[in-house]
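See structure below.
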Amino acid sequence: MSNNTTILATKTDDDDVWQMQLTLVALLIAIVALFIAFFQVLLQYLSSPQRDKCLTGAIGTWSNFTRTRWDLSRWRIRVKYSRINLSPWMIIHIRQSQEAEILKWVQEQGRDYHHTSIGGSGIGRFDLTHGSLVLHYPDDPQNTLSFWMLPFKEKVTWTYFRICHWRSCPGFARAGWVNILSALNVCPDSRLMDGLQDADIIPSAVDAPFQVVDLNTLGLLCYMLGLRDVKIDESSGTIDARNAYLRVQTLTIPAVGQVVAIDGDFESLRKQLHTVNSEELMSVLRSATGHIHVNMFQPSIHFFDEGAGLYGLFYRWNSDMWESYRIWVTTNLIVQNPSHEIAVKASLTAQCTAYKNEAALMIQIEDSWSAIWNSLIGSATPTIIKYMAFLPFMPIWSAQPGESFFAAYNSYLNKSRANYMKNLGRNFVPNIEFHAKVEFMLATNRVPFIRPKSEFLLTKDTGAMPDVSRSWAIEPSIPILRSWPGACDVVDQILNPNLPLPLPNAVIQLLKGGPMQEVRTGLEQYVMETEIAGYTLESTIYLALMFLDARIQTLWCKVEGADDGPLTGFYKVPEVTPSEQCKLMDHIRFHPSAAVVDFLGCWMDVCTKIDAVGDTILLIEAFHEVLGEWTTGDEHLCYSIMDGFVPDPSPEETMRASYQRIAINDRDPRQKHISQVLSGKCRSGQPMTKSKFAEWVKADENRLREMEKILPLLQLRIWLMQLCYGCYADSPMVCKARMRRGTRVEVRLI
């Protein structure tokens, strides 16, 4: 018999504790695993190669628009970056709107604060900045405004403004397209976005996102940045451009293909561009795409109606009114009758092309120039040369399609200029001379209104409207010269028509026939050998045009005499110093008087009869002949537009005051009073008939003699404008691209 023993297992408190501990350990391991997984995902999120290429180091503050999310369908990180619209026109529009934000705040405070670009200089934390702009007092641009300098009320409004319109100064990054926008002082803005692009398309060999841009658009951006040597090949989709600070070139990267890379010293470039305003940049685009700046409108080289140009000049046409007229003429005349002579007369490109064809056939004829033009347009002088006697010269000399509308005339202009220079000081031709102080002031950078060392932006922000275009017929030049310290003797000689006109030595060499490249090389070598501060060929030509326009204005003031036109009236305001006049010119837009435009109409008629750059004696004889013919004329030839076109608004409704207030500081009683005196005293007047103008000229013998002195100076101005155009780069590709529709060569810009 066996004994069966049963052993019962009982659950003790120690077992419960052990199980609880095991559960807690498992839970802890699970939590740790969860955290590890979470941080792995976070690490993947933060260290994603796509995300790294779309952060601040790659695209600067444009990374604010980068979007990163978890793609559940693919169980991976997805990064998207902003696709930017790099249209130059859109960039300038955004830049203007960003400037308007801070200007609106200044106007609301009723203060006369001015703004300038930071330009890479050191700015304090509490300085009043908005993007790349910083505020300062009008007479002290070097001393920026601080938050602590504001009254309590302005502190509150500024704080609210900064909260609502926060913009930081754009910085530089690895992406070249970001650096372009930063150099142009354009802050990141959602209005420049064309949507989002998946970062997966960024090749692994590239460390920043790229943007797709039209090749000719990129060429325009290069001109805006001061690059003149721009070579575009649409067939191969390549571009090469450079200046002292920047290089734009097409590269072929293995496993990536063809891309456009931008590299250089962007900080120094921004310092060169920081004083360029939006209107000046817009003038670069207009010039490069084939538009001629007249005053408030910019005709295209493909449509430049000679008579309508003077009509619009007096009646203050803007670009929209000129475009309406162009469309009306094109649809009602040229399209209906393409062989009509208006098709050639109204197009600078058509005139240039026709001249090239005719010149090849008439090369052996002695008087071929006048013969060709009389057969083509019924005039002895092409339209552009007539207008060069008074067309404004711009502050930025960048690019224009000169080969399309002007370059063909250079050979004849050089020949006629040589004959003119042989007669200096006789046969009505004024004398010109070298002046040592002018060279000294240029060499030591003591010319306060220009930038002697610049080849791009030639002016400083002193006494001019935003576009800073200058013409003797529109914008006063004398106050700028009168405010030139240490140059009183030079200015007195410029303003004395009985003395030789002083010009820079480099300009005199060019006028005497020296090749431009040879004179430029000699000037650069002289600057290097003498170790002076230096100046450029462009700055000498710009200064020569300033001198010449000041002398013409001196003579014109004598022509008007007691008839106070815009220029004469401006100079006659009592007890106004040149510096005060310069300040007023910042706030007033000038418009030519009827007498000025009547005289220009007479000039056009003279150039129809005889070559404008021919013999000076014959030119003056033709002037007297035209006055004789005008004695019985009752029409306004110089205000002619095509019959049937009705301007909107009509000329009778157009304000004809000579001065248009732009931004006068009403808190400055002195400035306000002078502005009111000008506006009330001087009017543009009514256009005269031919007979009235001839009677007005002949009524005063001195007036007639002063006009005779002006005519040779207009010839000299044509040749100086030729030198000015010779400094521009040729931009036929971007000009033709604007005319084509549907043809785009797109490249990847990194």
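Values in this text are rule-based calculations from the coordinates and carry no lab data. These numbers come from a predicted model, not from an experiment. Neighbour counts are summed over all protein chains in view; Cβ atoms, including those assigned to glycine, are modelled from backbone coordinates with ideal geometry.
Would you mind calculating the gained length between T353 and I253 on full extension (0.36 nm times residue separation, minus the Cα-Cα distance), in nm to one decimal?
Gain on stretching T353 to I253: 31.8 nm.
What is the gain in length, in nm to one decimal, between S235 and E108 on full extension, counting 0.36 nm per residue of separation less the C-alpha to C-alpha distance?
On the way: separation 127, 0.36 × 127 = 45.72 nm, distance 5.32 nm.
Here the answer is 40.4 nm.
Report the net charge of residues surrounding C488, where surrounding means a beta-carbon distance below 12 angstrom and charges are Lys +1, Arg +1, Asp -1, Glu -1.
Numbers: positive: K437, R482; negative: D489, D492.
Net local charge, C488 excluded: 0.
What FRET efficiency would be calculated for the residue pair Q525, N419, taking the C-beta separation as r and a Förster radius of 30 Å, to the nearest 0.05?
Working: r = 30 Å, r/R0 = 1.01.
Efficiency at R0 = 30 Å is approximately 0.50.
With the cut-off at 26 Å, tell me which of the pairs K453/K709; K415/K709; K453/K572 have Cα atoms farther apart than that.
Numbers: K453/K709 34 Å; K415/K709 22 Å; K453/K572 35 Å.
As for pairs spanning more than 26 Å Cα to Cα, those are K453/K709; K453/K572.
Mind ordering 414-426, 612-624 by average Cβ neighbours within 10 Å, highest first? Provide the component values of the computation, followed by the final result.
Numbers: 414-426: 14.5, 612-624: 19.1.
In descending order of packing, they fall as 612-624, 414-426.
Arrange the peptides 125-137, 483-495, 392-404, 19-31 so that the one whose residues have, on average, the most other Cβ atoms within 10 Å appears first. Please report the intermediate quantities before stating the final value.
Values: 125-137: 19.4, 483-495: 16.2, 392-404: 23.3, 19-31: 10.1.
The most tightly packed comes first, giving 392-404, 125-137, 483-495, 19-31.
Quick check: net charge around S411, other residues with Cβ under 12 Å of its Cβ, Lys/Arg +1 and Asp/Glu -1?
Details: positive: K356, K415, R417; negative: none.
Computed value for this residue: +3.
Excluding residues fewer than 8 places away in the same chain, name every one of the lysines whose C-alpha is closer than 27 Å to that of K153.
Result set, ordered by chain and number: K104, K672.
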